[in-house]
Amino acid sequence: MRPILNSQQIREADAFTIANEPISSVNLMERAASAFTQKFLELFASVPSVAVVCGVGNNGGDGLAIARMLQGEVGHIEVYVVGNLEKASEDFRVNYDRLGERLSPKIVVDESQIPEFDTSLIIDGMFGSGLSRPVEGVYAQVIERINASEAQVCAIDIPSGLFADKPTPSAGAVVEATHTISFQLPKLVFFMPSAASYVGSWHVVPIGLSEEFLLQQTTDKWQIELRDIHLPLKRRFDHKGTNGRVLLVAGSKGKMGAAILSAKAALRSGCGLLFAHVPCCGLDILQVAVPEAMVEVDEHTEIISEVLPEEQIDVIVIGPGIGTGKLTENALAQLLQKATAPMVMDADAINILAANTHLLSAVPPESVLTPHPGEFKRLVGDWKDDFEKLEKLKAFCKKYQLNMVLKGAYSAVCDTKGQITFNPTGNPGMATGGSGDVLTGVIGALIGQGMNPLEALRAGVYIHGLAGDLAAHAQGYRSMTASDIVAMLPQAINQLDKKC
Ligand SMILES: NC(=O)C1=CN([C@@H]2O[C@H](COP(=O)(O)OP(=O)(O)OC[C@H]3O[C@@H](n4cnc5c(N)ncnc54)[C@H](O)[C@@H]3O)[C@@H](O)[C@H]2O)[C@@H](O)CC1
Ligand SMILES: Nc1ncnc2c1ncn2[C@@H]1O[C@H](COP(=O)(O)OP(=O)(O)O)[C@@H](O)[C@H]1O
Ligand SMILES: [K+]
């Protein structure tokens with residue numbers, strides 16, 4: 001997993017690398033600028049004109065080095081330095097001197113000197129991880145002008161004005177980048193919905209910071225990587241009884257689709273036997289749609305009113321489409337009394353827990369909850385910003401000793417110790433009804449096959465997002481449906497199996 005470190009730790013990583021590689025600070029800047037330039041040229045095939053806007057710290061130093069490296073690679077280049085040159089950092093000065101006559105920078109210290117920015121692209125190198133307070137004054141005016149321009153904006157390391165690891169006060173100006181090329185590690189704020197319009201699409205480039213130092217750092221936030229996913233092996237003598245016996249409790253009148261999507265997803269994710277408990281009205285529907293499932297029928301015609309857990313069930317998946325009526329609430333409460341297998345609780349099962357929080361202590365250990373932000377809010381109340389949302393996620397998981405995935409772009413998986421891992425796969429095309437039901441089935445099947453629930457959660461969100469990406473590639477973001485995600489599960493899982 002890729003650690004997500006705070007600004008202080010990244011500064012220390014820079015310093016450790018400089019002292020121990022060893023490499024001079026200005027050569028590390030050269031390496032960073034070169035890594036940025038290479039990625040930039042990959043992203044932007046032909047750039048007629050670019051303005052490089054620099055502060056006087058090391059982010060600005062990067063900007064100067066990048067401007068030098070882009071000579072001959074892009075069309076017209078303009079360089080601006082915002083701020084007082086007397087306060088410039090040492091490495092900024094070295095790069096200032098290296099610029100040469102042709103790129104002679106224009107200095108901006110007051111409003112009258114701010115250009116219109118009519119280039120096709122702007123590189124933002126005003127502030128990076130050294131930002132220590134909200135951006136105001138002439139810096140804020142430059143940012144406003146950048147944001148008002150038609151140009152695409154590519155930020156160096158982080159958009160200027162955005163704090164990497166804490167809320168940015170609304171008073172401070174922030175660059176609205178279309179792209180961000182960041183050094184070595186992603187910043188925590190990149191995973192936050194509220195920062196999306198500033199960060200744009202982001203990319204991380206290695207700059208050779210000491211791996212030894214990075215791995216020693218303490219953090220509770222990580223990003224899932226492909227190499228972290230280890231699917232359960234299929235062995236020659238496996239049989240359906242050893243490949244996971246999953247009980248799916250899902251559906252109600254008018255919402256049998258949720259049960260079908262979860263059931264298909266579980267079967268496509270390798271589960272051996274799928275028992276589906278559905279209301280009477282769902283029997284024919286499910287039998288026809290998913291012939292592989294064994295259906296047990298509730299006494300009630302339209303809803304789930306009583307669930308008797310089968311013997312030898314490895315995992316119980318409950319929630320998609322079940323509704324929150326009193327009888328279903330009772331059925332869940334009874335199930336919680338009897339169940340010993342871990343549970344995957346989604347959708348209305350979470351809504352029932354939120355309305356009856358005394359039930360939370362009865363949830364079997366090692367169970368997982370899969371709320372979207374609306375369901376999560378019902379469980380924990382509102383939050384004032386995305387950082388507080390993550391704190392609430394940690395506190396909830398620790399208090400109830402549950403694993404949880406808070407779904408959305410960069411779904412956050414949290415374990416019982418409060419460690420959070422963000423999932424990088426997935427796309428906005430997945431914001432369509434039924435996508436979450438698919439995820440529930442995938443996670444249930446992986447737990448059923450013997451993965452521990454936390455590993456199953458991480459692998460499940462990764463596979464689900466990858467299948468979503470493949471579906472978007474095949475169908476387009478706008479047209480893809482949850483069924484298309486199910487259809488792409490085999491390809492996604494095959495990709496992971498090939499990597500093993
Ligand atoms: N050797 C290194 O330390 C490396 C640093 N790198 C670059 O250096 C950046 C960090 O550089 P710095 O630490 O010099 O800091 P920045 O360049 O981010 O900021 C410059 C200075 O601006 C001042 N400042 C902060 N907030 C302000 C505000 N709101 N208004 C006005 N002034 C403000 C502070 O005194 C700060 O030190 C990274 O983001 C990255 O781009 C890279 O070149 C990699 C190597
Ligand atoms: N913009 C997005 N980027 C990546 N994944 C997304 C995005 N929007 C939704 N998803 C994923 O799609 C799923 C939606 O789940 P949910 O809201 O429960 O849908 P439903 O209740 O309709 O089944 C989640 O796994 C979520 O992470
Ligand atoms: K920047």
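Derivation of every value follows stated rules applied to the coordinates shown; laboratory data play no part. These numbers were taken from a predicted model, which means no experiment stands behind them. In this analysis, Cβ positions are derived from the backbone assuming ideal geometry, glycine residues included, and neighbour counts consider all displayed protein chains.
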Worksheet item: For the Cα atoms of the chain, what angle does the longest principal axis make with the long axis of helix 435-448, in degrees from 0 to 90, nearest 10?
Response: 70
Worksheet entry | aspartates and glutamates whose Cα lies under 19 Å from that of residue 253, excluding same-chain neighbours fewer than 8 positions away | 284, 296, 298, 299, 302, 306, 329, 346, 348, 437
Fill in: Residue among 64, 168, 257 farthest towards the positive dipole end of the chain, charges placed on Cβ
257
Worksheet item: Among 156, 121, 460, whose Cα lies farthest out toward the positive end of the dipole of the chain, if unit charges sit on the beta carbon of Lys, Arg (+1) and Asp, Glu (-1)?
Response: 460
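Mind checking the stretch 175-261 for chymotrypsin sites (Phe, Trp or Tyr not before Pro) that DSSP puts in a loop (not H, G, I, E or B) and that have at most 15 other Cβ atoms within 10 Å? Write out the running numbers ahead of the final one.
Details: sites: 183, 190, 191, 198, 202, 213, 222, 237; in loops: 237.
Hits after loop and neighbour filter: 237.
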Practice prompt. Taking the Cα centre of the stretch 227-499 as origin, sum charge times position over the Cβ atoms of Lys and Arg (+1) and Asp and Glu (-1), and report the length of that vector in debye to the nearest 20.
Written response: 720
Worksheet, complete the sentence: What the 20 Å binned alpha carbon P(r) of the chain shows, as percent of pairs per bin from 0, is 22, 45, 25, 7, 0
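In debye, nearest 20, what is the charge dipole magnitude of the chain about its Cα centre with +1 on Lys and Arg Cβ and -1 on Asp and Glu Cβ, if you could check? Walk me through the intermediate numbers first.
On the way: 41 positive and 56 negative charges, 178 e Å.
So the magnitude is around 860 debye.
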Fill in: Principal-axis tilt of helix 326-338 within the chain, Cα atoms, nearest 10 degrees
90
Fill in: In the stretch 389-477, the trypsin sites (Lys or Arg not before Pro) that fall in loop regions by DSSP, at most 13 other Cβ within 10 Å
417
Worksheet, complete the sentence: Helix 7-20: inclination vs the chain longest Cα principal axis, degrees, rounded to 10, gives 60
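Are there GluC sites (Glu not before Pro) in the stretch 108-187 that DSSP marks as loop and that have at most 14 other Cβ atoms within 10 Å, and which are they? Show your work: numbers first, answer last.
Details: sites: 111, 116, 136, 144, 150, 176; in loops: 116, 136, 150, 176.
Passing sites in the stretch 108-187 are 116, 136, 150.
As a check on your grasp of the helix formula, calculate [θ] at 222 nm for the chain: sum -39500 (n - 2.57) over DSSP H runs of n ≥ 4, divide by the residue count, round to the nearest 500. If you can, show how the numbers build up before the last one.
Details: 16 runs with 197 residues, N = 500.
After summing the helix terms and dividing by residue count, I get -12500 deg cm²/dmol.
What number of lysine-lysine pairs in the stretch 386-441 show an alpha-carbon separation below 14 angstrom, given a sequence spacing of 8 or more or placement on distinct chains? Write down the numbers at each step before the final one.
Values: 389/407; 392/417; 394/417; 398/417; 399/417.
Final tally of qualifying lysine pairs is 5.
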